[in-house]
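**Q** Would you mind keeping the following structure in view while I ask a few things?
The values are calculated or read from the model by the stated rules, or taken from the named source; none is laboratory data. None of these values were measured; they are calculated from a predicted model. Counting neighbours? That spans all protein chains shown, and the Cβs are built from the backbone with ideal geometry, glycine included. The area values use the complete protein model at the heavy-atom level, side chains included, leaving out ligands, DNA and RNA. Shrake-Rupley method; radii C 1.70, N 1.55, O 1.52, S 1.80 Å.
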Amino acid sequence: MTMPDLEHALDALAGRVSSLREARTAYPADLAPTLDAALAELDTAVELLAEAREQLRKAPKRAGGKKDGAQRELKLLRQVFRAFPVPVIVLDGGGVVRRINPETSRLLGSPDGYLVGRSFPLLVDVSRRAAFRSHLTSVLQTGHPAAFETRLAHQGRSHVVQIALTRLTMPGEPQQMVAAVALPMEVQLPEPGARRPEQSDGALLLAAAKRQDLLAKMGTLLLDEQALLRPVALPRATRLLAAEWADWVIADVVRGGLPRRSIVVGPKDQPVGELVRQVEAVDPATCQVVLQVLDRGSGVVLEMVDDESLLGFCAEGPVLTAMGAGSLVSVPIGAGDGVLTLVRTHDKQPFALADLAVLQEVGLQLGLAVRAQSSYQSRSRAADALSASVAPRNLPDVPGYEAAAVYHPGSSVGAEFYDVFPVSGGWGFALGGAAGKGEEAASVSAMVRGGLRVLSVWESDPDLVMRKVNEALVAQGTGMFVMAVAGFVRGREIRLSSAGHHPAVLLQPDGGVRYAAGGGVPLGIAAEAETCAQKLTVSPGQTLVLYSEGLISSRNEHGEPYGEERLADVLGRCAGQAPSTVVKAVESDRHAFSGGQVWDEIVVFALRGV
């Protein structure tokens with residue numbers, strides 16, 4: 001057969017294949033005759049190739065000898081291979097793609113040469129991969145062709161095809177090859193020269209907008225107050241990614257220097273509950289891609305997964321195989337805090353470099369959010385501990401009296417304290433606060449509160465206790481001072497000692513309000529304390545009220561302070577009321593006055609004789 005004859009036969013073959021495509025489109029419910037005819041045309045193509053090779057062997061050789069003849073033979077075979085009108089893939093014995101013709105690239109939607117060097121079984125439907133490998137081995141060993149139906153998925157496209165496998169012996173190749181011919185049965189192929197849909201300007205613009213939308217949604221989600229209050233940042237982020245960006249999302253978090261599996265989100269439209277549990281049970285320290293991302297500190301994207309062991313193994317084999325993975329992207333969470341892995345199945349658009357860039361930004365944001373959450377919760381726990389150290393959980397029963405108190409923390413870790421405790425022959429109470437904010441001020445207040453309580457075990461006079469606490473505070477050298485008032489209750493007599501604190505209020509049964517002396521110099525200023533001591537008698541029906549600086553200095557929208565006069569008016573209206581009613585009335589009035597705003601801690605303590 002001469003070259004013109006071969007070209008004429010190929011043209012005729014291309015025409016007949018085109019007719020078969022039209023028949024498949026026109027009669028989709030009756031594919032059997034079309035498929036039989038397609039297989040017959042495949043046999044014809046194989047005969048043409050064999051005849052062409054035989055003619056080349058018989059052709060007279062040029063002066064260049066055997067080498068030139070082999071080169072001419074390879075050149076002709078390449079031309080025939082590229083002109084072949086059906087998808088043909090040349091595989092080696094391991095199923096790795098060695099050559100594809102343009103028709104294959106057009107069918108699968110990938111650039112020319114993109115699949116070369118990759119494992120072809122990864123394109124085959126998961127349920128048929130084992131069968132494909134068995135057919136491939138049989139063809140190589142026996143030389144007998146094989147054919148079977150399966151589904152190919154790649155680049156977001158899915159095709160039901162009839163695959164025919166034939167053994168090849170190719171010039172210049174030390175090992176035998178296999179030609180895989182894929183005859184589409186359900187997919188309309190794009191027209192020759194048509195631009196791939198995923199590369200159109202509109203699609204590229206939509207993809208870019210989708211990436212920006214993801215960053216905006218993720219930022220809003222991670223900046224939500226609940227993301228700081230509770231450990232919800234990671235679960236929310238993975239759910240968002242699973243809903244819009246991937247079939248599988250896996251979050252591995254580093255704890256104790258090792259990655260630990262934290263979250264696995266699988267497809268919502270598939271019964272994958274058992275598989276999710278298997279993936280959750282995989283140790284991420286055995287996952288190559290997780291270790292690689294942690295080691296390099298940068299993400300990786302695999303537009304086509306060609307190593308199905310990258311995410312380890314589960315009961316069903318390689319995790320990526322069980323998932324039906326087609327593409328994968330894995331990025332760091334923060335600066336080595338973990339790894340975020342997204343997987344798409346074969347029938348979805350694969351991840352690209354642009355996706356890697358946006359997901360690396362997501363991983364960075366997520367890491368910052370997780371660290372902020374951890375820091376916030378640590379501070380919150382510290383604040384709770386400090387708050388517990390400056391206020392009792394419950395007020396004890398003081399014989400002959402009713403007691404009640406309200407305590408409102410301010411906008412930051414505060415320094416006000418109050419306490420009620422037993423003393424020799426009676427009961428003691430204390431109220432005050434360090435001048436300042438934050439953890440240091442709170443710790444100084446806690447120290448003063450503890451000192452007053454401990455020293456009251458040995459001393460019978462609150463003023464002497466206050467002076468000794470002052471000595472200790474000065475010796476500590478904190479540079480902070482504390483306004484405080486302490487009192488010892490023995491029967492109806494109450495002995496008070498004030499160190500720069502607001503005066504106590506004695507509410508009469510008839511509504512009259514009388515202020516105690518108060519005054520003195522705050523603790524911690526000088527080694528010699530200057531306190532103000534006073535004795536009061538609290539009869540049945542009378543109520544002793546103590547309050548913090550935060551109450552008096554509360555301001556309204558006009559900047560006016562709450563003040564002691566307003567406090568006296570409120571207390572006057574509470575004559576004869578129980579202490580719990582008195583403190584709630586003061587609390588409610590202050591709330592209305594300042595519009596509900598609380599900047600400094602507010603303490604109100606009431607002790608009523610019964």
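**Q** Would you point out which residue out of Gly438, Gly433, Gly426 is at pLDDT below 85 and either surrounded by fewer than 20 Cβ atoms within 10 Å (Cβ to Cβ) or within 16 Å of Val485 (Cβ to Cβ) (or both)?
**A** That would be Gly438, the only listed residue that is at pLDDT below 85 and either surrounded by fewer than 20 Cβ atoms within 10 Å (Cβ to Cβ) or within 16 Å of Val485 (Cβ to Cβ) (or both).
Each row is one residue, and each column tells you yes or no for (1) open to solvent by less than 10 Å² (accessible area, probe 1.4 Å); (2) farther than 23 Å from Val398 by Cα.
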residue	(1), (2)
Glu493	no, no
Gln508	no, no
Pro522	no, yes
Cys532	no, yes
Leu544	yes, no
Ala568	no, yes
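**Q** Moving to a separate point now. Residues of segment 106-124 being open to solvent by 10 Å² or more (accessible area, probe 1.4 Å) and assigned to a helix (DSSP H, G or I), which ones?
**A** Arg106
**Q** Just need a number here: residues in segment 169-214 that are out of contact with any strand residue (DSSP E or B) (no Cβ under 7 Å at 6 or more places or on another chain), open to solvent by less than 40 Å² (accessible area, probe 1.4 Å) and at pLDDT 65 or above.
**A** Of the residues in segment 169-214, 2 are out of contact with any strand residue (DSSP E or B) (no Cβ under 7 Å at 6 or more places or on another chain), open to solvent by less than 40 Å² (accessible area, probe 1.4 Å) and at pLDDT 65 or above.
**Q** Quick check on Val264: is it of a type outside the set (Gly, Ala, Ser) and crowded, with 20+ Cβ neighbours inside 10 Å?
**A** yes
**Q** Could you list, in sequence order, the residues of segment 311-351 that are polar (S, T, N, Q), part of a strand (DSSP E or B) and more than 21 Å from the chain's Cα centre (by Cα)?
**A** Thr345
**Q** Pull up segment 310-322, narrow it to residues that are over 19 Å from Val97 (Cβ atoms) and either at pLDDT below 90 or of a type in the set (Lys, Arg) (or both), then point me to the one that is surrounded by the most Cβ atoms within 10 Å (Cβ to Cβ).
**A** Out of the qualifying residues, it is Ala322.
**Q** Limited to segment 342-375, what total is found for residues that are open to solvent by 30 Å² or more (accessible area, probe 1.4 Å) and among the β-branched types (Val, Ile, Thr)?
**A** 1
**Q** Which strands (runs of 3 or more DSSP E) sit wholly inside segment 501-609 and have at least 3 residues that are closer than 30 Å to Gln476 by Cβ?
**A** Where strands (runs of 3 or more DSSP E) fall fully within segment 501-609 and carry at least 3 residues being closer than 30 Å to Gln476 by Cβ, they are 532-537, 602-609.
**Q** Right, another one. Which condition number does Ser456 fail, the rest of (1) at pLDDT 95 or above; (2) over 30 Å from Cys574 (Cα atoms) being met?
**A** Checking Ser456 against (1) at pLDDT 95 or above; (2) over 30 Å from Cys574 (Cα atoms), the one that fails is (1).
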